[in-house]
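Structure record follows, encoded as structure tokens.
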Amino acid sequence: MPLLNKNIVLTLLAGSYTSLILSSCSPSSSDDIQPAPDTNESEPTTSQDTDYRDGVYEATGEYGNQPSHITVTVNLEDDKITEVEVAPHATNPTSLDLQERFAEAVPAVVVGKNIDEVNVGRLAGSSGTPNGFNDAIRQIKEQAETEETPAD
């Protein structure tokens, strides 16, 4: 019986020591823990107050390692997106499916928003396509600031 008690004591001490070490690695208060942002919503990418020319703009956004790409066409009026179209270019059936689902879902997220407030995260099961979309939006913002006449 003394051997059993010794094993129990050693196990309890080892568990206590491990708990002590792990607790010293955690944040000191719950104020340090911040939830991850909800990436299903459009979030501002900048706090600029830029005026953009009204018109139809198009850009190809790239993402991923291959790289993958999509073409985004946006109609801007008073700095707001009034229409958006995404053209998938994937050849892999899985990637094409993700791009097509993203293309269907994105208008509900961005139409009616100021272009400076658009930053799409994971949407319709796709975590990569939004990066290409955001890249295209960045390019479109540059075009709308500097281009003399928008694309037809």
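Values as computed for the structure displayed
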quantity	calculated
Index of the failed condition, residue 122 passing every other in (1) within 17 Å of the chain's Cα centre (by Cα); (2) modelled with pLDDT of 95 or more	(2)
Residues of the stretch 117-141 satisfying the condition of being assigned to a helix (DSSP H, G or I), closer than 18 Å to residue 98 by Cα and touching a helix residue (DSSP H, G or I) at 6+ places or on another chain (Cβ under 8 Å)	129, 130, 133
Matching residues, the stretch 47-87, being within 17 Å of the chain's Cα centre (by Cα), in a strand (DSSP E or B) and over 18 Å from residue 119 (Cα atoms)	68
Subset of the stretch 88-116 [part of a helix (DSSP H, G or I), surrounded by 17 or more Cβ atoms within 10 Å (Cβ to Cβ) and in contact with a Ser or Thr (Cβ under 8 Å, 6 or more places away or on another chain)]	95, 98, 99, 102, 109, 110, 116
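The values are calculated or read from the model by the stated rules, or taken from the named source; none is laboratory data. What you are looking at is a predicted structure, and each value in this text was computed from that prediction instead of being measured. As a convention, Cβ positions derive from the backbone with ideal geometry for all residues, glycine included, and neighbour counts pool all protein chains shown.
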